[in-house]
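The values are calculated or read from the model by the stated rules, or taken from the named source; none is laboratory data. None of these values were measured; they are calculated from a predicted model. Don't worry about glycine lacking a Cβ; one is built from the backbone with ideal geometry, like all the others, and counts go over all protein chains shown. Ligands, DNA and RNA are stripped out before the accessible areas are found, and what is left, the full protein with its side chains, is counted by its heavy atoms. Shrake-Rupley method; radii C 1.70, N 1.55, O 1.52, S 1.80 Å.
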Amino acid sequence: MSPLEWQSLLFVPAHREKHLLSAIKLKPDAVILDLEDGVASSEKTEARACLAKHQDLLAKAKIDCIIRVNADAAEARKDVAAINFEKLAALMVPKCVDRGHLNRIVSLLGAKAVALIALIESPAALPQLTHIATAPGVCALMFGPEDYAAELGLSADAADLAVPAALLAAAAVAAKCLAIGIPGSLADFSDVKGFTANVRKARSLGFRAAAAIHPAQLDAIREGFRPTVAEVKKAKDIIAASGGKDKGARKFEGAMVDAPIVEQARRVLKQVGLG
């Protein structure tokens with residue numbers, strides 16, 4: 001699957017085989033084997049030793065494998081040395097505030113061509129979003145609401161997170177990258193209703209994928225990014241009225257419809273398998 005087609009991603013600590021086997025049954029588009037925050041310092045060596053087996057399990061299940069490496073340079077070097085790049089869809093680079101963070105990882109890769117996901121977790125990254133999104137190898141930007149909010153002394157559910165999230169999505173779309181994330185907390189996996197609402201909000205900002213930290217959140221991601229019944233009906237009506245062709249600006253149900261609106265209707269129908 002192309003990274004641009006991802007919608008549902010799931011974090012799994014790289015050394016937790018039981019969690020991984022449960023994740024595989026739920027068929028997310030990609031699993032993020034985590035070597036960073038999901039793994040205690042004392043367990044990182046064990047987690048790296050599990051990578052080969054766990055990458056094999058994902059490959060057999062035909063689920064894309066993403067690996068989140070550590071931000072610390074020395075730890076990241078060990079992470080990279082343990083990865084089977086033939087069974088890797090992308091590397092996630094945490095704490096990414098400028099191209100320097102990406103360049104340090106690229107320098108460890110040598111001649112390997114690897115897709116990169118830049119994880120944006122600090123307000124310091126905002127002025128650099130375009131430079132990060134257009135860096136060689138970057139396929140996606142991901143918003144990290146918990147760390148971002150903590151740095152500002154805010155709750156991760158603060159409404160103000162919609163502003164940086166929107167900036168990230170705009171930079172990603174402009175660079176033809178995937179925007180991953182939600183403008184709110186991932187932590188309370190028991191609040192499925194609230195999580196679904198945040199996914200809906202993310203979709204309205206331009207995000208097309210989100211990562212779960214618990215399997216219970218996967219259905220909320222799929223539901224939240226799915227076009228509503230009303231949106232699908234309107235898209236069908238727009239395409240029918242246009243005859244599938246660009247006829248220039250014209251009236252439709254009391255509003256003006258032109259080529260961009262027809263194209264958006266096509267995208268909506270494609271999302272539900274009708275395009």
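If the Cβ limit is 8 Å and pairs must be 6+ apart or interchain, which residue in segment 203-216 that is open to solvent by 40 Å² or more (accessible area, probe 1.4 Å) pairs with which residue that is of a type in the set (Ser, Thr, Tyr) and assigned to a helix (DSSP H, G or I)?
PRO215/SER22
Can you work out which of the residues in segment 71-95 that are charged (D, E, K, R) and in contact with a helix residue (DSSP H, G or I) (Cβ under 7 Å, 6 or more places away or on another chain) is nearest to GLU5 (Cα to Cα)? Before the answer, list the steps.
We begin by selecting, within segment 71-95, every residue charged (D, E, K, R); these are 72, 75, 77-79, 86-87, 95.
Cutting the leftovers down to in contact with a helix residue (DSSP H, G or I) (Cβ under 7 Å, 6 or more places away or on another chain) gives us 75, 77-79, 87, 95.
Numbers: GLU75: 30, ARG77: 29, LYS78: 30, ASP79: 26, LYS87: 18, LYS95: 24 Å.
Looking at residues that are charged (D, E, K, R) and in contact with a helix residue (DSSP H, G or I) (Cβ under 7 Å, 6 or more places away or on another chain), I get LYS87.
Which pairs turn up if I take residues in segment 52-66 that are open to solvent by 50 Å² or more (accessible area, probe 1.4 Å) and look for partners that are at pLDDT 95 or above and outside any strand (DSSP E or B) with beta carbon separation below 6 Å, at least 6 apart in sequence or on another chain?
Filtered contacts from segment 52-66: ALA52/ASN84.
Considering segment 137-181 alone, what residues qualify as being part of a loop (DSSP other than H, G, I, E, B) and either under 18 Å from LEU102 (Cα atoms) or at pLDDT 95 or above (or both)? Even if it seems obvious, please write down each step before you answer.
First, pick out the residues of segment 137-181 that are part of a loop (DSSP other than H, G, I, E, B): 137, 144, 153-158, 175-177, 181.
Within segment 137-181, GLY137, GLY144, ALA175, LYS176, CYS177, GLY181 qualify.
With respect to the numbered conditions (1) at negative phi; (2) surrounded by fewer than 22 Cβ atoms within 10 Å (Cβ to Cβ), which one is the sole condition not fulfilled by LYS27?
Checking LYS27 against (1) at negative phi; (2) surrounded by fewer than 22 Cβ atoms within 10 Å (Cβ to Cβ), the one that fails is (1).
Among the listed residues ALA115, ALA71, identify the single one that is in contact with a Cys (Cβ under 9 Å, 6 or more places away or on another chain), in contact (Cβ under 8 Å) with a residue 60 or more places away in the chain and on the phi < 0 side of the Ramachandran plot. Explain how you work it out, then say what you get.
On the way: ALA71 fails: in contact (Cβ under 8 Å) with a residue 60 or more places away in the chain.
Just one listed residue meets the conditions, ALA115.
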